[in-house]
Amino acid sequence: MTTQADVPPLDFDTLYSEPSIIGTLPIGASWSADGQRVAFLWNDAGHTFRDIWIWERDSGARKRLTRLGEGRTSGEPQGISELAWLNGGQIAFVLQGQLYLALEDGTVVPLAIGTQGVRTIAASPDGAKLAFLSGTSLLVVNADTAAQSRTLLAGSTFVGVESFRWAGHQLVFVEADDTNTRKIEIAYDSRGEARKDRFVRAFPGDLLTRRRIGMVDAGGGKIRWFERPDAEDAVWGYDLSRDGKSLLVSSSDLSIKNHTIFMFDVESGFRGVFLASHDPIKIRPDWQVAFAPDDQGLIFLDDRDGFNHLYHLRDKAGAPEAITSGPWEIAEFFVDAARGTIYFIANEAHPAERHVYSVPLAGGEITRLTGPAGIHVPVFAPDYSAFIDLFSDDATPPELFLQDLPDANPPHQITQSPTAAFADRQWAKVHYVPFKSHVDGAELMARVMLPHGFEPNGTHPMVVGSVYSDGLLNQWGGRAAHPSWGIDQYLASRGFVVVSPEIRGSFGRGREWNRAMLNSYGTQDIEDIADCVSTLTGMGYADPKRVGLWGSSYGGLMTLMSLFKKPGFYAAGFAGAPATNVWHAYPEQGWIMGLTEGEDFIDRYTAQSALFHSEGLSDALTILHGTKDEVVLYADTMALVEKLIEQGKTFELVSLPGTGHAWAKQNRTFTRFAYGKLAAFFERHLSP
């Protein structure tokens, strides 16, 4: 039998290089209006620059439409960022903030010449117009190379359009007003210069962004506004009925404990309440609302029966009718009005998987439409005759597949992203191990990466991380918010067991399972992680004296709290951009930590802030933080550093100049440097 020593370890030059060994993620998949072609953004050689590719449904042929990235390799921009089909087989796209049109023969011409900062493009239902945002302004342009864009709403520095959607020939949008929202300045040094940037950044207890819904004809004209009782309440969704007479707005207060679906009469502007609910223990805003076929009420997602499921509410005087039920949850749904069918994504098969299912609108038998275990993300054809499936599992980087409906035939693979070198490497195997909470007996699960030749003899070092909510995912790299797939594989190739534990506050297990996280940052979550570690070391997965922990942002909070509150339990911890002070969190974190009200709020915030628990540190710690981070302030890390010095603690600090919150994604050089620091730290402190 081969052992770990027989397999050469992976290095950062292999893992984080260009072309990427795992290829380039295909993004932006979009169907043509006739459902016969799919356009997507990709690079078949694994370079960063994405061009437009077309896949023909009838022939199964794939071709590259644009060649703007030809000859471009390392260090070049990311390429085309968005696309949208227009009339005549034309495709509008965005490249470095400029709008262009790709003709059927691949010729590229400018569109809306002179418009800067273009993003969020969307074609009208008839494909004759394109709406888009330029800065904070909403514009529209005809699908004509000679056409000039028309501004429907002009934004300003602090007021502008946040999102929009087409509704026939009209556009419904959300205007966000940050006039009264706190602005902060972050001073930092970068490239030999003292710099200062300004950000809109509210803290708990501050005035919030004010939002209102607007509607305007694509041809221009007067904007109709639809106001809610409290403009600072969140907007979770909005939709116009098929007959154009009613507008729904899904809204909640800051705490998300009170949810309301408002229904506006478009002509008169009259506002009514279609559905209202109160849930004192809710910590996840997983709502989705849409009009039912023929405007016969609403279809919505809610966890009123304990798990996030589909309901049909025919009118505001009636009671919601359950369409699905069970000890699993739905993440998103899509309504096929013509067939009276609802398609949805759920974890019914396994907590770490997401499959595509269908169910009749009236309820009944649920049909699973995807086969392989893993994560499936569908993009449906306009007539719901098929869907494009972005699929990945623990052993497979993401690829695009076609799945016909209804069809039991295997899906057809469209992309092949990894380079030839991928198949020549030894990648870690992934297992899933259940464990229980010692606090309340809740069932949880861990994603465990095993080094080659692993034996459960209790001798391996173990790294737990990157810890975060929603981290239990059967896809390449697990939680994909950071490119941590590479550091995970690096460590596993060197004999480490690498673990991602499920923690409370995550999707898929129901409201009661999540109840324990209310007002519990740095308490229930770190108990879940510790229970995972105790279970795995008890089963011989690792040496309990050689366990390290790491995470970033909220994961950094959990890392610090674990070391501070459980000295000696971990040998070492690496905290990236750690949220040390919840007084400086985003106000929305009040979903879990509670609002700045009530006699207990100071004690509550103190209990959830790592800054006030540092006395317990006795194990090895490294803190890494970017100096231009507006999400988690670098100043908060400096406050903790000062306190640790005053307390006589030993630790290491790595500062990344001019880097924001996503420190591992700044560029490939920073990725290698930061993950290199992490790897060297654990290799040093978890060695025999």
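Here each label is just a point 7 Å from Cα along the line to Cβ, and for ASP243 and ALA154 those points are 3.9 nm apart.
Between the Cα long axis of helix 634-646 and the first principal axis of the chain there is an angle of about 20°, rounded to the nearest 10.
Taking Cα centre as origin and charging only the Cβ of basic (Lys, Arg, +1) and acidic (Asp, Glu, -1) residues, the dipole magnitude of the stretch 554-648 rounds to 340 debye.
Think of the chain as a dipole: +1 on every Lys or Arg Cβ, -1 on every Asp or Glu Cβ, centred on the Cα centre; then among PHE387, ALA423, PRO285, ALA423 lies furthest on the positive end. Expressed as a fraction of 2.2 N^0.38 Å, the C-alpha radius of gyration for the stretch 55-136 is 1.16. Packing, taken as the mean count of other beta carbons within 10 Å per residue, orders the peptides 474-481, 268-275 from highest to lowest as 474-481, 268-275.
In whole angstrom, note down how far apart the Cα centers of the stretch 492-568 and the stretch 233-249 are. Distance between centres, Cα-based: 40 Å. Seen through its C-alpha gyration tensor, with square-root eigenvalues sorted a ≥ b ≥ c, the stretch 552-688 comes out oblate because a/c lies at 1.5 or above while a/b is not bigger than b/c. Between ASN180 and LYS649, the FRET efficiency estimated from the beta carbon spacing at R0 = 41 angstrom works out to 0.55. The length gained on full extension between ASP206 and GLN36, counted as 0.36 nm times the residue separation minus their Cα-Cα distance, comes to 56.2 nm. Between the stretch 389-417 and the stretch 583-631, the alpha-carbon centres lie 42 Å apart. The alpha carbon convex hull volume per residue for the stretch 421-685 rounds to 122 Å³. Compared with the dominant principal axis of the Cα atoms in the chain, helix 524-538 is inclined by about 60°.
Rounded to whole numbers, the Karplus 3J(HN,Hα) couplings from phi for the stretch 355-365 are 10, 9, 10, 10, 8, x, 4, 6, x, x, 5 Hz, using 6.51 cos²θ - 1.76 cosθ + 1.60 with θ = phi - 60°, and x at Gly and Pro.
How far is helix 668-685 tilted off the main Cα axis of the chain, in degrees rounded to 10, range 0 to 90? Between helix and principal axis, roughly 30 degrees.
Most tightly packed first, judged by the mean number of other beta-carbon atoms within 10 Å of their residues, the peptides 165-172, 648-655 read 165-172, 648-655. With the dipole of the stretch 72-212 worked out from charges on the C-beta (+1 for Lys and Arg, -1 for Asp and Glu) around the Cα centre, which of THR115, ALA147, GLY89 lies farthest toward the positive end? Positive-end residue among those listed: THR115. Taking other C-beta atoms within 10 Å as the exposure proxy, THR396, THR157, THR209 rank THR157, THR396, THR209 from fewest upward. A viscosity of 1.306 mPa s and a temperature of 10 °C, combined with the Kirkwood radius over Cα pairs in Stokes-Einstein, give a translational diffusion coefficient for the chain of 59 µm²/s.
Note on THR606/ASP305: beta-carbon distance plugged into 1/(1 + (r/R0)^6) with R0 of 30 Å gives a FRET efficiency of 0.25.
With 26 Å as the limit, the listed pairs LYS436/LYS677; LYS257/LYS566; LYS129/LYS316; LYS643/LYS677; LYS545/LYS565 have LYS436/LYS677; LYS257/LYS566; LYS129/LYS316 beyond it between alpha carbons. The dipole here belongs to the chain: it is taken about the Cα centre, uses +1 on the Cβ of Lys and Arg and -1 on the Cβ of Asp and Glu, and is about 1120 debye. For the stretch 339-372 versus the stretch 165-183, the spacing of their alpha-carbon centroids is 33 Å. Relative to the Cα centre, the charge distribution of the stretch 368-428, modelled as +1 at Lys and Arg Cβ and -1 at Asp and Glu Cβ, gives a dipole magnitude of about 100 debye.
Every number in this text was worked out from the coordinates using simple rules, so none of it is lab data. The shown structure was predicted, so the numbers you read here are calculated from the model rather than taken from an experiment. Note that each Cβ is placed from the backbone with ideal geometry, even for glycine, and that neighbours are counted across all protein chains shown.
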